[in-house]
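A.B. asks: Please see the structure below; I have some questions.
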Amino acid sequence: MRSLAEPYKIKMVEPIALLSPEERRERIMEAGYNTFLLRSRDVYIDILTDSGTNAMSDNQWAGLMLGDEAYAGSNNWLHLEATVQELFGFRYVVPTHQGRGAENLISKILIKPGMYVPGNMYFTTTRAHQEMAGGSFVDVIIDEAHDSKRDDIPFKGNVDLAKYEALIKRVGPEKIPYICVAVTVNLAGGQPVSMANLRDVYALSKRYGIRVIFDATRCVENAYFIKVREPEYGDASIAAIVKEMFSYADGCTMSGKKDGIVNMGGFLATNEEDTYRQATAMVVVYEGMPSYGGMNGRDMEAFARGLREAMSFPYIRHRVEQVGYLGQQLIDAGVPVVRPIGGHAVFVDAREFLPHVPQGEFPAQALAAAIYEHSGVRTMERGIISAGRDKEGKDYAPKLELVRCTIPRRVYTSSHLDYVAEAIIELHGERDRIGGLRWVYEPPVLRFFTGRFERL
Ligand code: F0G
């Protein structure tokens, strides 16, 4: 096969620069060995996250000029609302400033203290909102999702139906306001959920009268995996797959900063009138009018256009295959990564990369810091620091101790990814000299964002 060149050309550039090794050593020390605390200008290639880091198209930029910044009833809101209704098939849409705004609304509306919220692996902000509403998250993803080496499973994000049903029987369906199904599963490595599993989860949930709420954040990437891995869908369009996926949900939250191909935005969607009424009442308190929810008119226009562009097969194929291109280089060089490679990121297995650093000395945090120091590439810890502490104050100790190399949409070319691969492969050859870290400052919630460390 010929190489899969970028399905876009570059019209505007943003210069980037590589600091000297001495400068990088100083900067990461000043940042408390936390890549979140680095200044963007000190970063050469930024693969911290794919969230809000997307490059917009000429069509989206043109849409910004049509921003209707009315306080109420903005034309761009009507466009966004109609686009979500059409593409996802939900009746009601409530705008929010980003995904966690929607998570806040749905958690406050549906979760009562003492309830349980099953999900296919936790996500940081999603679980934080569930817990703040008095609920307990219960992981019902298949066991294999926690094993970075199982590469024979095409849909590693699937819900384990037996685990889910056992929870229902144990606590009773009335204690489960909804199941949250993430498509794809970020912290499992960007792993997808199959259409067959979505269908089964929905059927089981309906038997017990439980709602199904999708975390739609990376749903287009999930649709691409369904198209290429689930035989019946080989000829289906991405839009048709997305539409069918969401027919197995009663509502969703979405961070537009990922598959919406914008820099900011989100929404809550539902088919239930009562949930919608409560959400519109609450959104004015936390986000803004139900016709903007924290977004500018122009942002909503770009979001509506971005969602439609995301349904393009050449776009999503390149996006997911570009991630695979980076992953394959690391695999070929013997760097331990989560397999199969997911939709938005390559996850390096820090436990295996640094077997001499115990989890209590934060191998993934230490490795992310070392990658920056070595190459100016900014990645992110997704291990014990991200997992946080439980209600008793005990560290959640996840099996997966990972460094995430997250690819922004339409931003970097293959040669940027070659540089990243070369840097990580080189560092792998010198891994013995990377040691662990200890806390200097630990924030009470979502500690990974602002925590500080020092070298042991
Ligand atoms: N759900 C998933 C699966 C996410 O990955 C994120 C954000 C959110 C919800 C929250 O959305 O940031 O718009 O409030 N993930 C980012 C990341 C932060 O880097 O993975 P948000």
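The numbers here are math on the coordinates, done by the rules we state, and not lab data. Remember, it's a predicted structure, so these values are computed and weren't measured experimentally. Cβ placement follows ideal geometry from the backbone for every residue including glycine, while neighbour counts extend to all protein chains displayed.
A.B. asks: Ranked by Cβ crowding within 10 angstrom, fewest neighbours first, how are 160, 50, 349 ordered?
C.D. replies: Neighbour counts put them in this order, fewest first: 160, 349, 50.
A.B. asks: May I pose another question? Mind jotting down the distance between the C-alpha centroids of the range 16-89 and the range 187-244, whole Å?
C.D. replies: Their Cα centres are 26 Å away from one another.
A.B. asks: Would you kindly state how much longer the chain becomes between residue 446 and residue 152 on full extension, computed as 0.36 nm times their sequence separation minus their alpha carbon distance, in nm to one decimal?
C.D. replies: 102.6 nm
A.B. asks: Give me 13, 403 sorted ascending by neighbouring Cβ count inside 10 Å, so fewest comes first.
C.D. replies: Starting with the residue having the fewest Cβ neighbours, the order is 13, 403.
A.B. asks: Still on this structure, please answer the following. Modelling each spin label as a point 7 Å along the Cα-to-Cβ direction, I'd like the residue 333/residue 313 distance in nm, to one decimal.
C.D. replies: In this crude spin-label approximation the distance works out to 3.4 nm.
A.B. asks: Now for a separate question. Taking N as the number of residues in the chain, what is its alpha-carbon radius of gyration divided by 2.2 N^0.38 Å?
C.D. replies: This ratio for the chain stands at 0.94.
A.B. asks: Taking the Cα centre of the range 309-414 as origin and charging only Cβ (+1 Lys, Arg; -1 Asp, Glu), how large is the dipole, in debye to the nearest 20?
C.D. replies: 360
A.B. asks: Based on the mean of other beta carbon atoms within 10 Å per residue, what is the order of 109-119, 90-100, most packed first?
C.D. replies: Ranking, from highest mean packing down: 90-100, 109-119.
A.B. asks: Okay, next question. Under 5 Å between amide H atoms, partner at least 5 residues away or on a different chain: which partners does residue 258 have, H built in plane at 1.01 Å?
C.D. replies: The answer is 52.
A.B. asks: The range 58-310: Rg/Rh from Cα coordinates, Kirkwood Rh?
C.D. replies: Reported Rg/Rh (Cα atoms, Kirkwood Rh): 0.96.
A.B. asks: Could you work out [θ]222 nm for the chain from helices alone, using -39500 (n - 2.57) per DSSP H run of at least four and dividing by all its residues? Round to the nearest 500 deg cm²/dmol.
C.D. replies: Rounded to the nearest 500, the figure is -12000 deg cm²/dmol.
A.B. asks: Please enumerate, by chain and number, the lysines with C-alpha under 29 Å from the C-alpha of residue 258, excluding those fewer than 8 residues away in the same chain.
C.D. replies: 9, 11, 108, 149, 156, 227, 243, 399
A.B. asks: What's the extension gain from residue 237 to residue 207 if we count 0.36 nm per residue and subtract their Cα-Cα distance?
C.D. replies: Extra length available between residue 237 and residue 207 comes to 7.8 nm.
A.B. asks: Sort 407, 106 by Cβ crowding within 10 Å, fewest neighbours at the top.
C.D. replies: Ordered by Cβ neighbours within 10 Å, fewest first: 407, 106.
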